[in-house]
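Report on the structure given below.
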Amino acid sequence: MKDNDTKSKEKPLPSAKELYRKIVKKLHPDMNPDVTEHELELFHRATKAYEEGDIMTLQAIYECFVEVIRKLFVTILQGT
């Protein structure tokens, strides 16, 4: 019974289109003129992955970006 409860609470994986849109909103140079070289490289890799339908690469890029942002916020909140 608990297995069914756990499975019903799991979030479905986002589609390639959803991931790509989230990445583009954060990394597109026209939308974010202060994008770094690393972020620009991630943007280009995400574009290529989307064109090839490589959802695993898109997921990895998105998770990498989210982790960087999370660490930045933690650092800001700690005042260091």
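The values are calculated or read from the model by the stated rules, or taken from the named source; none is laboratory data. Not measured: the values here are computed from a predicted model. Just so you know, the surface numbers come from the protein's heavy atoms only, side chains and all, with ligands and any DNA or RNA stripped out. Shrake-Rupley method; radii C 1.70, N 1.55, O 1.52, S 1.80 Å.
Looking across the stretch 26-80, the residues that are open to solvent by 100 Å² or more (accessible area, probe 1.4 Å), among the charged types (D, E, K, R) and over 10 Å from the mean Cα position of the chain (by Cα) come down to 30, 34, 37, 45, 48, 51, 52, 70, 71. Here the stretch 1-25 is the region considered, the condition is being modelled with pLDDT of 85 or more and among the basic types (Lys, Arg), and the residue that is farthest from the chain's Cα centre (by Cα) is 17.
For the stretch 26-60, residues that are among the basic types (Lys, Arg) and modelled with pLDDT of 90 or more total 2.
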